[in-house]
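Report on the following structure.
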Amino acid sequence: MPILAELHPLGLRIAEALKVREQKIAVADGATGGLLSATLLTVPGALSFYVGGGIVYSLKARDVLFDLPRDAYRGMRSATEEYALLQARAIRDRFGADWGLAETGSAGGSAHPMGVASGISCCAVVGPGVELVRVTETSSDERMANMDLFTKAALGLLVEALEG
């Protein structure tokens, strides 16, 4: 089964929860490589709940997407709870959404520029009265398998935030 077909039911649950609340979300993909946004965009009429997002795959992309001063990241390291929360808040605020979802990690297969070990992901969800973070560790260097698991973990955390 294609990965987006497998993820589509999660996209539908998230879409329904956001539409019922009349709220919107913005997404910052990292090691998930766009799969978080792609999952939400499998739902017809996604414009009613999805504002936009981007893939944070370089410092340049991070700076352009979040428009935060470099000092905002001082003392932080990629793939940590603090870093994921900063990104989730920034994407939400930058896009004027109610919710922000961010994932940061290292899928593997090559050296991470900040020295993050392969198989580590941290995702954060921020919304009205909600801030949740989840770390996923696979101890694996299998890039595509990690991207799959990181995406499912982040979408699962979002479902938990919206339905819990």
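The values are calculated or read from the model by the stated rules, or taken from the named source; none is laboratory data. No experiment lies behind these values; they were computed from the predicted model shown. Backbone-built Cβ (ideal geometry, glycine too); neighbour counts: all protein chains shown.
Miscellaneous remarks
Results for (1) closer than 25 Å to LYS24 by Cβ; (2) free of Cβ contacts under 8 Å to residues at least 40 places away in the same chain; (3) acidic (Asp, Glu), shown as yes or no for each residue.
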{"site": "GLY52", "(1), (2), (3)": "yes, no, no"}
{"site": "LYS60", "(1), (2), (3)": "no, yes, no"}
{"site": "LEU65", "(1), (2), (3)": "yes, yes, no"}
{"site": "PRO69", "(1), (2), (3)": "no, yes, no"}
{"site": "GLU81", "(1), (2), (3)": "yes, no, yes"}
{"site": "PHE95", "(1), (2), (3)": "yes, no, no"}
{"site": "ALA107", "(1), (2), (3)": "no, no, no"}
{"site": "GLY127", "(1), (2), (3)": "yes, no, no"}
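- Flag for ALA31 being buried (at least 19 other Cβ atoms within 10 Å of the Cβ), in a loop (DSSP other than H, G, I, E, B) and either in contact (Cβ under 8 Å) with a residue 24 or more places away in the chain or small (Gly, Ala, Ser) (or both): yes
- Out of ALA38, ALA17, ALA5, sole residue that is modelled with pLDDT of 95 or more and under 14 Å from the mean Cα position of the chain (by Cα): ALA38
- Unique match (being surrounded by fewer than 22 Cβ atoms within 10 Å (Cβ to Cβ) and within 20 Å of SER121 (Cα to Cα)) among SER58, SER48: SER58
- Residue list for the range 55-69, restricted to those being in contact with a helix residue (DSSP H, G or I) (Cβ under 7 Å, 6 or more places away or on another chain) and assigned to a loop (DSSP other than H, G, I, E, B): VAL56, ASP67, LEU68
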